[in-house]
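The values are calculated or read from the model by the stated rules, or taken from the named source; none is laboratory data. This one's a predicted model, so the numbers in the text were calculated from it and none came from an experiment. Because the Cβ atoms are built from the backbone with ideal geometry, glycine has one as well, and the counts that use them run over all protein chains shown.
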Amino acid sequence: MFEMTIAIRHIRSRRRQTFFSVIAVALAVAIIIISMSMLSGFMKNIIDVTVENQAHITVSPREDEDFIFLYHGLENYIRKQEGVIAVSSYYQGEAALQYRHNAEGVALFGVNPEDEDRVVQKEKDMIAGDFGSLDLPGRYMVIGSKLARNLDVDIGDTVTAQFPGSAPADFKISGIIQTGTQADETAAYANLKRVQDFYNAGDIITGMGIRVSDIYAANTLANKIDREADYDAVSWMEQNSEILDLIETQSQFVLIFYILIFAISGFGIANILIMIVMEKVGEIGMLMAMGVPRKSILFIFLLEACILGMAGVMIGSALGYVSALFLASYSIPIPPEMYFGMDHLPILIVPENFIIAGIFAMAIITMAGIYPARRASKMNPVEAIHSV
Amino acid sequence: MSDEKIIQITNLTRIYVDGVEIRALDGVELDIEKGEFLAIVGPSGSGKSTLLNLIGILDTPTSGTILLKGIDVTKMSDKERSRIRNQELGFIFQYHHLLPDFNALENVMMPLLINGMKTSKAREKAREMLEEVGLGDRLYHRSNQLSGGQNQRVAVARALVNNPSIVIGDEPTGNLDSKSSDNIYELLRKLNREHNQTFILVTHDERMAAKTDRIIRLVDGKVVEDSRKV
């Protein structure tokens, strides 16, 4: 491999330029890794918030119906599906809650607290009381934290639920929940049976939440339920398609910046290679006279680009890793209203980002090497030798 | 000297088109035998370098053929030409063209490595070759640490290390003082005798040309004199 030997010597003979061009690549790689780590952290955070506070799959009544009538059979069918961890049936209705002179419109959910907790993990969001209390005999209610503040109620207070056509019913507040989402202001939970009674409904439900083991397989299962059971099943991805699309669009936008950043470092590499080629004209001619084919000349200079790129990628990855760690530990505050409830800069360090940034950088840098390498390989040996 | 014809040149013409048409070589006919030590002479622009570049297959003729050991080299691919340059031809130019990032030994090893020889074996052969040109004590010096004459000796060692059948020298002593020049000439002469390789030198140094066995004089791209010493 005399090509490799020559390539390494060329690079070593220009230490200073090599240093600066490698640093340029390293900085580009580091910046991109940090940026990707932020985007990954952001994405993961949004998904986490979404999948924790939402059922992974929501089953709704058939198109022309308002309720799921014989829901026990459907529940059994879904429980048998692969990857299903928990199923929670609920009856959702509208109601007004009144406490003294305060009244608020709410979305009233009738649930089996144990099932509901397994699907959306309510218990860990409780800031007062517990979610399991809804199973106690009697009428108990868990409400969102903002709703509690608006009604000015606390644990132990009794609120009155009202709905046209239903008899007003008293519920005792047994818990307050805070999820960090809109639901804190609008949601109230009570036992399924009591809510069905309140609405004068039989043993019917308005929906079903499902938790699955692989959140990215939710779409597939949702489609299967849709097809086989003929109920409208929607995955968290479809429900949040707007946010996910937004992130997707942003990723594509960011990609343009990545390409530009890499292009800048690519020019740096092209520059040093052009300098080497210009300086080595006579040498290239002599190599040809010694019997080095044009292809090998091309290869030598492409190798040089790859070596410089590789050094840059390695240093840049290390730099990016350390910087990302630093940013993650420093926990830089950001306004939560603008960032879906995140209060600090989310950083997620994943190996894929390093691999993608590395491959991307190498591809662009190799491309940057093509022009000078081709120039070297197309030289006329006679002219090259006599140019000195 | 054997009668084996190592180079047969037939009706060789090279025309450069650079705004105007320049006929650098015009129907040259020439046979060169194995082991010959000859000089190509002529005034500037007579085509002697062009002829040498064509024999060295660094350039392609406009028409005519060159047979090296009976094989037409004018229509070969770059890969085949490169292989022949590596294995059958050795080049010495006016400027030594040593690779500045490599020491003397590594420079001489290079043609062997290009030919795919193992590094350890190439190093051994290159060392022997450098000793033969009298530079056994300068193996690890780089070009900028050697004198003009020493550099040219390294270049000679590099040209001969692959044991080529033809050694081509384009003003090989043109950049040296007369003492170094004589030394290089003597060296080439010695190597020619010992290895029975064909040496073709282009020079405008009549004094040096006079010491060769055969002089080919070119004027305006045509052979006007072909004289052998007897």
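Take the conditions more than 29 Å from the chain's Cα centre (by Cα) and without any contact (Cβ under 8 Å) to a residue 12 or more places away in the chain and apply them to residue A:248. Does it pass?
No.
Considering (1) surrounded by fewer than 18 Cβ atoms within 10 Å (Cβ to Cβ); (2) over 37 Å from the mean Cα position of the chain (by Cα); (3) more than 26 Å from residue A:69 (Cα to Cα), the lone condition that residue A:162 does not fulfil carries the number (3). Put simply, of B:214, B:138, B:142, B:207 the only residue that is within 18 Å of the chain's Cα centre (by Cα) and basic (Lys, Arg) is B:214. Restricting attention to region A:259-318, the residues that are of a type outside the set (A, V, I, L, M, F, W, C), within 11 Å of chain B (Cβ to nearest Cβ) and part of a helix (DSSP H, G or I) add up to 7.
Farther than 29 Å from residue A:271 by Cβ, more than 14 Å from chain B (Cβ to nearest Cβ), crowded, with 19+ Cβ neighbours inside 10 Å and touching a residue at least 40 places away in the same chain (Cβ under 8 Å), is that true of residue A:34? Quick ask: steps written out before the conclusion?
Values: farther than 29 Å from residue A:271 by Cβ: no; more than 14 Å from chain B (Cβ to nearest Cβ): yes; crowded, with 19+ Cβ neighbours inside 10 Å: yes; touching a residue at least 40 places away in the same chain (Cβ under 8 Å): yes.
Against the criterion (farther than 29 Å from residue A:271 by Cβ, more than 14 Å from chain B (Cβ to nearest Cβ), crowded, with 19+ Cβ neighbours inside 10 Å and touching a residue at least 40 places away in the same chain (Cβ under 8 Å)), residue A:34 does not qualify.
Of the listed requirements (1) among the β-branched types (Val, Ile, Thr); (2) surrounded by fewer than 19 Cβ atoms within 10 Å (Cβ to Cβ); (3) modelled with pLDDT under 90, residue B:119 misses just one: (3). Looking across region B:173-211, the residues that are polar (S, T, N, Q) and not in a loop (DSSP other than H, G, I, E, B) come down to B:178, B:180, B:181, B:183, B:192, B:198. Going residue by residue through region A:323-333, is there one that turns out to be assigned to a loop (DSSP other than H, G, I, E, B), more than 14 Å from chain B (Cβ to nearest Cβ) and either more than 30 Å from residue B:87 (Cβ to Cβ) or out of contact with any strand residue (DSSP E or B) (no Cβ under 6 Å at 6 or more places or on another chain) (or both)? Yes, that holds for at least one residue. None of A:128, A:190, A:201 is modelled with pLDDT of 95 or more and either assigned to a strand (DSSP E or B) or more than 26 Å from residue A:45 (Cβ to Cβ) (or both) except A:190. Candidates in region B:129-150 are the residues that are acidic (Asp, Glu) and surrounded by 13 or more Cβ atoms within 10 Å (Cβ to Cβ); of these, the one that is nearest to residue B:193 (Cα to Cα) is B:132.
Within region B:81-114, the set of residues being more than 7 Å from every other protein chain (Cβ to nearest Cβ) and not in a helix (DSSP H, G or I) comprises B:89, B:90, B:92, B:94, B:96, B:98, B:100, B:103.
Residue pairs whose Cβ atoms lie under 8 Å apart, separated by 6 or more positions or on different chains, with the first residue in region A:371-388 and within 10 Å of chain B (Cβ to nearest Cβ) and the second crowded, with 18+ Cβ neighbours inside 10 Å and basic (Lys, Arg), are A:377/A:294.
Answer yes or no as to whether residue B:93 is of a type outside the set (Asp, Glu), within 19 Å of the chain's Cα centre (by Cα) and farther than 22 Å from residue B:226 by Cβ. So residue B:93 fits the description; yes. Residue count for region B:155-185 satisfying the condition of being of a type outside the set (Asp, Glu) and over 14 Å from the mean Cα position of the chain (by Cα): 7. Note on region B:8-51: among residues that are farther than 15 Å from residue B:226 by Cα and among the aliphatic types (A, V, I, L, M), the one that is surrounded by the most Cβ atoms within 10 Å (Cβ to Cβ) is B:25.
With respect to being more than 26 Å from the chain's Cα centre (by Cα), touching a residue at least 40 places away in the same chain (Cβ under 8 Å) and surrounded by 16 or more Cβ atoms within 10 Å (Cβ to Cβ), residue A:192 fits the description.
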